Amino acid sequence: MSQPHAVAAPAQPGEPMSHRQILEALSGLLLVLFVALVSSTIVSTALPKIIGALNGSQSQYTWVVTATLLTATASTPIWGKLADLYDKKLLVQISIVIFAVGSTVSGLAQNAGELIAARAFQGIGVGGLQALVQVVIAAMIPPRERGRYNGYLGGVMAVATVGGPLLGGLIVDTSWLGWRWCFFVGVPIAILALMVLQKTLHLVTMRRDNVKIDYVGAALIAAGVSVLLIWVSFVDDSFAWLSWQTLAMVAAGVVLLALAVWVESRTKEPVVPLPIMAQRTTALSILGSLAVGMAMFGGAVFLGQYFQIGRGYSPTEAGLLTIPMMAGVLTSSIVAGRLITRTGRIKPYIVAGTIILVAGCGVLSVIDHETSLYFVGGGMLLVGVGVGMSMQNLVLAVQNTVRLKDIGAASSTVAFFRSLGGTIGVSVLGAVLARQVTDDITRSLAAAGVQAPAGGQTSNLNLDALPPAMQEIVRAAYGDATGHIFLISAGIAVIGVIAALLMRPAALRTTLDLAEPAEAPGAEPVDGPVLTNR
């Protein structure tokens, strides 16, 4: 008698998985991806109320987002290297547990400082999820077919990014729930993801006993990046650009990163493999991911603040107003993914995506607190289309050029720089926004003759505690300053266009692994199968 609901047997190394096996495994992986994405999007519309309730500042608002991105960025390369060593399924499950614990502690935070610390711990789990999901999918599906399944990834991305803000808005607008459930709600989803993965994900572990994790290099990279990001967050606020604090922090960051490069160039198994990064496709994809990450995360994270504080909408309404961006991500990722699978070409879609991203940021760069919502929606739609066509495909371009045994390190390297770009973007643009808002509020208060609340203990983000006249001044300041954020984002995204144009046209391979190279000693590595006449 046949056994109902039997799970298909795992494929052997190098043997492609069947469509059924892929869909079974993807069910758990997509749920994991959903959990990771919701962790950031659910707070995008709720964060103004969360920071207001905790009486936090604009700097703390930025750091609630930056803390997660920072630890996710620092841990991503380590997770990728671990995936080349140990059971990928177990690593994904460990990441989910760390994420769930961080979510629980975040929901229990009593002040903004505690929330930032809990979000930093949560980011370690997010770093594992954002690296390992890509690694596992690359171990299951050949690059040529991966475009077809990227549509599913785009769908989950769109649902999470649309559903997250909506869910966050509904939670903070529901009196018997409260903002803490923005963090608690992810815990049962994480537990469900663990159960689904335990049943559906079956991979053959290709363990390499000679691999050693470069903890020294990872620590130096994390320390160097952290020092520079902390400097960016406090410069021009706590101390001047030209000051001994700036000199000390920038010098320390540069020295740490220089030491990291020195260590990575000499260790046998570097966390960030320099030979892989030296390949043209990989180097340009990393540069493009860095730019797209800075433009996307750095600009989009402040849209919820724009709609709520700058325009006066509720968190739920702010979530609904972000739908055009997510519709663009969903549509473009599905359409581009299927076209890539059909044609085997990837460069044209990355180029088009980065150009559209620049156009979208350019449209949003002219908004203020009175701009038509149709105009704002059109700009967000363009940004979403650009991100959907470029972000995932930049990872795919790199995965197409490396051996299966190096897929973890290569994928996590791209994810590292994309997350780094997002972290830098949020920090830099958050600092710019805070400075612009402070100047505008100070100028408007002086012109209107309105006195600020006594003692300076009330946060600008806690509008209900401000006098009505000052509320209008704060709204106008935040609404008008947001356009400057997207102007900078557009300039950053231009770097992504240049990187995409310089990429070498390459056909996506139809096998899981590259053939063993038959090359003479000292020969240069080849960046995948090159298109010559197409």
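Observations
- Anisotropy class of segment 259-417 from Cα gyration tensor, a/c 1.5 cut: prolate
- Estimated FRET transfer efficiency (LEU373, LEU501; beta-carbon r; R0 30 Å; 0.05): 0.35
- Carbon/sulfur fraction of accessible area - segment 318-372, other protein chains in place, 1.4 Å, %: 69 percent
- With a simple spin-label model that places each label point 7 Å from the Cα along the Cα-to-Cβ direction, the separation between ARG338 and ARG266 comes to 5.4 nm.
- Sites listed here are trypsin sites (Lys or Arg not before Pro) in segment 239-347 whose DSSP assignment is loop and whose Cβ has at most 12 other Cβ atoms within 10 Å: LYS268.
The values are calculated or read from the model by the stated rules, or taken from the named source; none is laboratory data. Predicted, not measured: the structure shown is a model, and the values here were computed from it. Methodologically, a virtual Cβ is constructed for each residue, glycine included, from the backbone with ideal geometry; neighbour enumeration extends over all protein chains shown. Heavy atoms of the whole protein, side chains included, go into the accessibility calculation; ligands, DNA and RNA do not. Shrake-Rupley method; radii C 1.70, N 1.55, O 1.52, S 1.80 Å.
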